[in-house]
C-alpha cells in the first residue's frame, strides 16, 4: 500500500470502485444520466432521490451496465409486490429483467422480493441493487443482517430510496455499512456523541465534525428532491398541490371516568383508543371515499380496520398480509390499471415503491411512523401526477400525541435532507472546481 492510499483510507471517504458507463438509454433525462454515470464510477453508491424521479430507470440502467461490463448477473431486491412493476419498466427501457422467486433465471438481471433473498446465492451475482433501501430498517435484525452480508460478498452495489434516514442521521449508518464503507458502530464513534445520560440518543459532534460527516456521506451518496438540486431544469418534474385535511372524530363513549376524551398517554392507552374508535374512524374514511367515483386508497393499521373499510366501501378490494404474493400482485396491477377503484391495505404492504399517479385521494390513520406516512402519500403525490392530491388524516382526541410525534419527525427529516443537499451541493462545486483546475493548460514557460 502506498502512502497516498494509506492517507485516502484514513480520510474515510468513499473511493471509486467502478467504471465509466458502457451504455446509456436515450430515455433517461440528463440528470438521471449524470446520477447513473456517477453511481457506475463509484461502483458502490446510494441514490437518495424523491419519488417519481425515475429511480427504477436509473437502477436498471446501472444494472445493465454492470452486466455488460462483467458478463455476470445482477440481483435487484424490491419491496413486496413491486417486482412486477420493475419488469414492466425494464421493458420500456429496453432492459431484459426476469422476476424470479427462487433461484436465478435465464436473464442476466433478476428481480425478487427482499423476503425471498434466502433462495439466492451471492456467488451467482456480480452486483446487487436495493430498491427502496430504507425499508431494510423495518425488517427484523436477522433479515437486515442477511441483506448486508449478501451485499458484502458482491463487488458492485447500489442503494436507491427517497427516505434515506427518515427519523435520524444515525440511520445513514445502515446504508454506509451495506455499501462496505464504514460500519454503523464505527460511524457513530467517529462522528456522533451520546446525548447526556441516555446512551440510546446520539447527536452529531461539533461543527467541524458535522461537516466531515456530511462530506463523508456525500462521498458515496447523491440526494435530490428535484432536478434543479443538481443544476438542471425542473421541466416536467413539478408537483401539483397537496391538500392535507385533518379530521378529528370523537369516540361514541369517552374513557371511563371522563366526560370527554383526553390525549392518550403511553402506547397502551393509545392502542386502547385505536381499538375503541375503529367504527367511528372507518365510517369517516368510508364516507370520504364513497363521496366520489374516482380512485382512492384507504390506508389502515389494524386488521379490524381493513375488514370494516372493505365492508363500508362497496367497490373496495382489501389486500391483507395473509394474502399470497401472487394475489397481492394481481390486486396491485388491477388498481393501477383502473379495474379496482378503491384499494384497502396497510402501509407495510403497499406503502413502498408502487406508482399510483392515476389516484389523487387517500384516507390515512396516523401512526408514530413518519416514513410510512411519507411513503404512502408519495405513492400518489409524485412526479407524473396530473391532479391535486387530497390526503384525509383521520384521528381522535386520544391520538393527539401520536400526530404531534409524526409531525415532529417530519420536520426533523426535512432539516436532515436540507443539510444533505447543502453539503452535497458544496462538495459538487468543489469537485467541479478541481476538475476545471486540472484541465487548465500549463503556461508556456512551464
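The values are calculated or read from the model by the stated rules, or taken from the named source; none is laboratory data. Given the structure is predicted, the values throughout are model-derived calculations rather than measurements. Because the Cβ atoms are built from the backbone with ideal geometry, glycine has one as well, and the counts that use them run over all protein chains shown.
Contact map, segment 239-261: residues that are within 16 Å of residue 366 (Cα to Cα) paired with residues that are part of a loop (DSSP other than H, G, I, E, B) and modelled with pLDDT under 95, Cβ distance under 8 Å, separation 6+ or inter-chain. Pairs shown: 248/396; 249/277; 249/396; 250/260; 250/261; 250/396.
Output the residues belonging to segment 80-136 that are under 21 Å from residue 18 (Cα atoms) and buried (at least 17 other Cβ atoms within 10 Å of the Cβ). Matches in segment 80-136: 95, 108, 109, 110, 125, 126, 127, 128, 129, 130, 131, 133. Of everything in segment 105-116 that is in a strand (DSSP E or B) and in contact with a helix residue (DSSP H, G or I) (Cβ under 8 Å, 6 or more places away or on another chain), the residue that is farthest from residue 79 (Cα to Cα) is 109. Residues in segment 117-137 that are more than 16 Å from residue 101 (Cα to Cα), in a helix (DSSP H, G or I) and over 20 Å from the mean Cα position of the chain (by Cα): 123 only.
Taking segment 46-59 as the range and being within 19 Å of residue 111 (Cα to Cα) and touching a residue at least 60 places away in the same chain (Cβ under 8 Å) as the test, the residues that pass are 46, 47, 55, 56, 58, 59. The residue that is nearest to residue 121 (Cα to Cα), counting only those in segment 150-179 that are surrounded by fewer than 18 Cβ atoms within 10 Å (Cβ to Cβ) and at pLDDT 90 or above, is 153.
Whether any residue in segment 61-71 is assigned to a loop (DSSP other than H, G, I, E, B), modelled with pLDDT of 95 or more and over 26 Å from the mean Cα position of the chain (by Cα) is what I want to check. Looking for residues that are assigned to a loop (DSSP other than H, G, I, E, B), modelled with pLDDT of 95 or more and over 26 Å from the mean Cα position of the chain (by Cα), one finds at least one in segment 61-71, hence yes.
Of the strands (runs of 3 or more DSSP E) lying entirely inside segment 184-252, those containing at least 3 residues that are modelled with pLDDT under 90 span 192-195, 198-204. Looking at the structure I just gave you, is residue 394 modelled with pLDDT of 90 or more and outside any strand (DSSP E or B)? Judged against the criteria, residue 394 is not a match. Scanning segment 30-41 for residues that are surrounded by fewer than 24 Cβ atoms within 10 Å (Cβ to Cβ), touching a residue at least 60 places away in the same chain (Cβ under 8 Å) and under 24 Å from residue 177 (Cβ atoms) yields one hit, 38.
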